[in-house]
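Only one structure is covered here, and it is reproduced in the block below.
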Amino acid sequence: DEIYKKNRERYHKNKDRYNKTRHDSYRSGGSYYKSGIITGWKRSGIKCYDTEETFEKYKNASNCELCKKEFADIGGKSRHNKKVLDHDHRSGIPRFVCCYTCNFFLRGRDNRLAEVHLELYRFFHRQN
């Protein structure tokens, strides 16, 4: 009973420092960064069949595959040269790594292309 009380007191006395050390070491490691990126992809509807390979491609990319601009390593609210993984919105399959600006301009392309295909289908399969 005495030992239990001493250990409990010691734990409560040092728990904040211990938890902060654990948290800092986890955040500085690569697993925190990787899990956060992959979770964000899943929320966006990206379906990676080979997550390791896709993440390595994303991590090692230094320039946008479309405009060839270098990615900015900046935090905060600026998104212009932020690195993003572009994907097909219907299938969820990743296509390439590009900057936020290029991805923004590509956003509506999937929907417009689908509308064109639908209109062509209707045109060629209409009943006379």
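Enumerate the amide H contacts of His87 below 5 Å, restricted to partners 5 or more residues apart or on another chain; note that Pro and chain-start residues carry no placed amide H.
Distant-sequence amide H within range of His87: Arg95.
Distance cut-off 32 Å, Cα to Cα: go down the list Lys47/Lys69; Lys47/Lys82; Lys20/Lys83; Lys15/Lys47; Lys42/Lys69; Lys15/Lys59 and report the pairs above it.
With Cα atoms farther than 32 Å apart: Lys15/Lys47; Lys15/Lys59.
Mind ranking 90-102, 4-16, 58-70 by how tightly packed they are, going by the mean number of other C-beta atoms within 10 angstrom, highest first?
Values: 90-102: 16.8, 4-16: 9.7, 58-70: 13.5.
Per-residue mean Cβ counts within 10 Å order the peptides as 90-102, 58-70, 4-16.
Determine, from the Cβ-Cβ distance of Asn63 and Phe105 and an R0 of 22 Å, the FRET efficiency 1/(1 + (r/R0)^6), rounded to the nearest 0.05.
So the FRET efficiency works out to roughly 0.80.
Give me the net charge for the shell around His87: Cβ to Cβ below 9 angstrom, other residues only, Lys and Arg +1, Asp and Glu -1.
0
Computed from the coordinates by the stated procedures, all read-outs in this text should not be read as laboratory data. All values reported here derive from a predicted model rather than from experimental measurement. Note: ideal-geometry Cβ built from the backbone for every residue, glycine included; neighbour counts use all protein chains shown.
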